[in-house]
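Read-outs: derived from the displayed coordinates by stated rules, not from any lab. Quick caveat: nothing in here was measured; it's all calculated off a predicted structure. Cβ coordinates were reconstructed from backbone atoms using ideal geometry, including for glycine residues, and neighbour counts include every protein chain displayed.
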Amino acid sequence: SISSKATGLRPGVCTSTTRPSGPYTGQTIYETDTGYLRVWNGSSWDYLSLKQSATTNLPVSDIGKAWTSFTPTWTSSGTTPTIGNGTLIGKYIQINKTVVAEMTVIMGSTTTFGTGIYRIGLPVTAKTPLWAYAHTGTARLYDASAAQVYAGVIGFYADATGHVSGWTHGATAGAFGATTPFTFAVSDEISIQVCYEAA
């Protein structure tokens, strides 16, 4: 039953093995061993989050949880660039199968720029997209020497699921690389934001 306390409303507390034996439809419980809020739907204990499976539903501890920092990989379809004394940072949050991530590359004086199409590694492997080059985010590219900002789109290059690439359009059309949409140098930046479905 729900009891009223000075700190708010509290559902019945139990574990996943000590749930009420005679529940009524709509009864809500909190399982201390799993962290799940569950409700009796008339025939089974359902989740109060998007139902996918017993391992991918949303525990209470995930509601409003902090983002997680990670260091993304920076590679390419050709010669791999190296960050050197530059900066390579990222952060992400995952709720059920949805992943939102932000990654930034800031070029340093010892950064090497490689060749080919740049690839930025994802924090969580993605589900294979519905089509090759599927759009999954946006990008901001900054040319420090010209104080110029470029916009781009982020997508899965040829159905990749572990990394994404980026493209610009118009006069600077092309996939991000050492010389696209401009020739990268010290203090230049690539910042991307993505939202995708985890595998």
Quick one: compute the contact order of the chain, relative version, from alpha carbon pairs under 8 angstrom and 6+ residues apart, as a percent. 17 percent
Cα-centre dipole for the chain with unit charges at Cβ (Lys and Arg positive, Asp and Glu negative), debye to 20: 560 debye
Assuming a ≥ b ≥ c are the square roots of the Cα gyration tensor eigenvalues, decide whether segment 76-151 counts as rounded (a/c under 1.5), prolate (otherwise, with a/b larger than b/c) or oblate. prolate
First select every other residue whose beta carbon is under 13 angstrom from the beta carbon of Arg140; then total the charges, Lys and Arg +1, Asp and Glu -1. -4
On the first, second and third principal axes, largest extent first, how far apart are the outermost C-alpha atoms of segment 81-199 in Å? 41, 30, 22
Kindly state, to the nearest 0.05, the FRET efficiency for Thr15 paired with Ala134, given R0 = 41 Å and r defined as their beta-carbon distance. 0.50
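Around Gly26, what is the net charge, scoring Lys/Arg as +1 and Asp/Glu as -1 over all other residues with Cβ under 15 Å from its Cβ?
Surrounding charge for Gly26 is +1.
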Lys and Arg at +1, Asp and Glu at -1: neighbours of Pro72 with Cβ under 13 Å from its Cβ sum to +1
Ratio of Rg to Rh over segment 129-198 (Cα coordinates, Kirkwood Rh, two decimals): 1.00
What is the chain by shape, rounded, prolate or oblate, if you read a ≥ b ≥ c off the alpha carbon gyration tensor as root eigenvalues and call it rounded for a/c under 1.5, prolate for a/b larger than b/c, and oblate otherwise? prolate
